[in-house]
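First the structure, in the form of C-alpha cells, and then the observations on it.
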Amino acid sequence: MSELTVRPYTEDLFDEVHRTFTSAFLRDPESADADWFRSDMEPDRISVAFDQDELVGIATILTREMTLPGAVSAPVAAVTTVAVKPWHRRRGALTRLMHVQLHALHEQKGEPFAALWASEGSIYGRFGYSVAAEYASVSIPSAVPFRPGTNTGHNRVREVPRTEALPLMTALHDKLLTRHPGWLARTERSWRWRLWDQPRARNGASMLRFAVHPDGYAFFRTRNNWEDRGPASKIEIQELVAATPSAHAALWRYLLDMDQVREVTTSVAPNDPVLLMLHDPRQAIRRIVDSLWIRLVDIDRALPLRKYSAPLDTVFDITDTFCPWNEGRWRLVIDPEGTAAIERATTEPDFALDITDLGAVFLGGVRLTDLAAAGRVTELVPGTVTRAGRAFLGDTAPHCLEVF
C-alpha cells in the first residue's frame, strides 16, 4: 500500500475536491451545486489526502465562534466537508486527515476545541469526538391547538421579502447569540450560505419564505401536495428564532394555521418551548438525533473558556491516545463565580475518564453521572463525579441551529 500524504489545497484541485465530496455522499456531481459548495470554503484551511498522485480524501475547517455555557463566545474549529473516495476507504486516509487537523491546531495554538456533525455515528469517536448536543426532528399537524392560556401577544406576524427580513434576522440572532450554548456566530458570508436558495438547494420545495415578528423570525419552505380530500401541503421550517415566549408562540401559531397545510416539520432543540405549548403533546412526533460532536484539542486551553455552575476543586485522569499531550492528571479549580483554572497534577485523581467523555460534557448538556452509569467514567473517590457533574451542567441545553 502506498504511503498517504496530506497537502494544502490549491484552486486547481477544486473540481476533483468537489467530485470527491459528492461521490462520498452518493450524489451526482453534475447535478450538485458547485457554487454553494464553494461559497463557504476557506481555501487555506482545507487538507487534501493523496495516494501518490491521486486525490483520495478531503477535510475542511471553518473559522467560527460558538457560544459556551456562561454566555461566552469562543473560537471553534468547525470541521466539515470530510470525505474519502468510496474506493479508497478503510486504508487510513481519514485517520491521516484527522491527525493532521488536530495536531496542527495544537502545534499552531489554533482553536482549543473542534466541533462537527457526523454523517455516521461510529466514525469520530476514535478521533476523540463525542456527542455533546442533540436535536429533535419534529412533525406537528396543522391547526393543532395550544394549551389554554398560551400567550401569542398582540403583535402580528407578517411575511416580507428577503431584503427586508435579513437585517431584522441578523440583528436578532446577534442579540440572542450568547443565550444559547451551541449557537454559531454568523458573518455576512455564513448568512449567505445559510440562506442559499438556488433551485438545486430546494429539493423540490418552494423558495425560502420569511415570516417576521418584532421579537422573532422564521424562514421556511412549502411543499405543495393535493390529495383526494383536498390540500395536504407541508411547511418545512428551516429556522425559527424568538426573543420572548409570546413571539415564539405567535410564529408557531402563524405557521400552524396557514391554509392548505396539513403538517409542519422542523428540527429544534429537544426542549424547544413548542413541545410544552401543545394542548395534546402527543401530536408532536419527535425523533431525537445527535447534532454537535465536540473534540477538546487542548484541555488546558479549552476548559477555562466556559463558565461553570458550581465551585469545584478536583483532580481527574485523562486518556487520549490520538492527542497524547492531553493525557495524564489535571487539577481543575472552579471559583464561586464559575471561572476555571487548570494545571497539571501529581496527586491521586478523584475520577478517570477519556477525552471523549470530557468533550461530551463541555457544552453543559450531558451529565457526568450518566456517563459514569454507562461505565465511561470511573469514580475513584466517592461523591466526586456527582460534584463535578453539577459544575459542568449548564443552565440551558446546548443546540446548534445549523448543520455545517
- Members of the stretch 2-24 that are at pLDDT below 90 and either within 15 Å of Val84 (Cα to Cα) or aromatic (Phe, Trp, Tyr) (or both): Ser23, Ala24
- Message: Here's a check for you: in the stretch 68-109, which residue that is of a type in the set (D, E, K, R) and either in a loop (DSSP other than H, G, I, E, B) or not assigned by TED's automatic domain parsing to the domain that holds Pro43 (or both) is surrounded by the fewest Cβ atoms within 10 Å (Cβ to Cβ)?
- Response: Arg90
- Task: Could you tell me whether the stretch 216-232 includes any residue that is among the small types (Gly, Ala, Ser), within 25 Å of Gly70 (Cα to Cα) and touching a Leu at 6+ places or on another chain (Cβ under 7 Å)?
- Result: yes
- Could you give every pair whose Cβ atoms fall below 8 Å, whose first residue belongs to the stretch 115-127 and is aliphatic (A, V, I, L, M), and whose second residue is surrounded by fewer than 15 Cβ atoms within 10 Å (Cβ to Cβ), counting only separations of at least 6 or pairs across chains? Ala118/Asp290
- Message: Considering only residues that are acidic (Asp, Glu) and either in contact with a Ser or Thr (Cβ under 9 Å, 6 or more places away or on another chain) or under 15 Å from Tyr9 (Cα atoms) (or both), which ones fall in the stretch 34-64?
- Response: Asp40, Glu42, Asp44, Asp51, Asp53, Glu54
- Residue that is among the small types (Gly, Ala, Ser) and in contact with a strand residue (DSSP E or B) (Cβ under 9 Å, 6 or more places away or on another chain), where the choices are Ala201, Ala249: Ala249
- Message: Return the residues of the stretch 176-190 that are surrounded by 14 or more Cβ atoms within 10 Å (Cβ to Cβ) and closer than 26 Å to Val361 by Cα; say none if nothing qualifies.
- Response: Leu176, Leu177, Thr178, His180, Pro181, Gly182, Trp183, Leu184, Ala185, Arg186
- In the stretch 325-384, how many are in a helix (DSSP H, G or I) and either of a type in the set (S, T, N, Q) or free of Cβ contacts under 8 Å to residues at least 40 places away in the same chain (or both)? 9
- Out of the stretch 345-366, which residues are farther than 24 Å from Leu292 by Cα and in contact with a helix residue (DSSP H, G or I) (Cβ under 8 Å, 6 or more places away or on another chain)? Asp350, Phe351
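Quick grid of which residues meet (1) more than 19 Å from the chain's Cα centre (by Cα); (2) buried (at least 16 other Cβ atoms within 10 Å of the Cβ); (3) assigned to a loop (DSSP other than H, G, I, E, B):
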{"residue": "Leu168", "(1), (2), (3)": "yes, yes, no"}
{"residue": "Asp174", "(1), (2), (3)": "no, no, no"}
{"residue": "Arg192", "(1), (2), (3)": "no, no, no"}
{"residue": "Met207", "(1), (2), (3)": "yes, no, yes"}
{"residue": "Phe210", "(1), (2), (3)": "yes, yes, no"}
{"residue": "Thr222", "(1), (2), (3)": "yes, yes, no"}
{"residue": "Ile235", "(1), (2), (3)": "yes, yes, no"}
{"residue": "Trp252", "(1), (2), (3)": "yes, yes, no"}
- Message: Whether any residue in the stretch 178-187 is over 20 Å from Pro141 (Cβ atoms), in a loop (DSSP other than H, G, I, E, B), charged (D, E, K, R) and modelled with pLDDT of 95 or more is what I want to check.
- Response: yes
- Item | Any chance Thr266 is crowded, with 17+ Cβ neighbours inside 10 Å and in contact (Cβ under 8 Å) with a residue 12 or more places away in the chain | yes
- The condition from (1) surrounded by 12 or more Cβ atoms within 10 Å (Cβ to Cβ); (2) without any contact (Cβ under 8 Å) to a residue 24 or more places away in the chain that Asp28 misses is numbered (1)
- So Leu62, is it more than 30 Å from Glu337 (Cβ to Cβ), in contact (Cβ under 8 Å) with a residue 40 or more places away in the chain and more than 19 Å from the chain's Cα centre (by Cα): no
- For residues that are within 24 Å of Glu263 (Cα to Cα), among the hydroxyl-bearing types (Ser, Thr, Tyr) and part of a loop (DSSP other than H, G, I, E, B), tally how many sit in the stretch 121-166. 3
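The values are calculated or read from the model by the stated rules, or taken from the named source; none is laboratory data. These numbers come from a predicted model, not from an experiment. Positions of Cβ are backbone-derived with ideal geometry, glycine not excepted, and every protein chain shown enters the neighbour counts.
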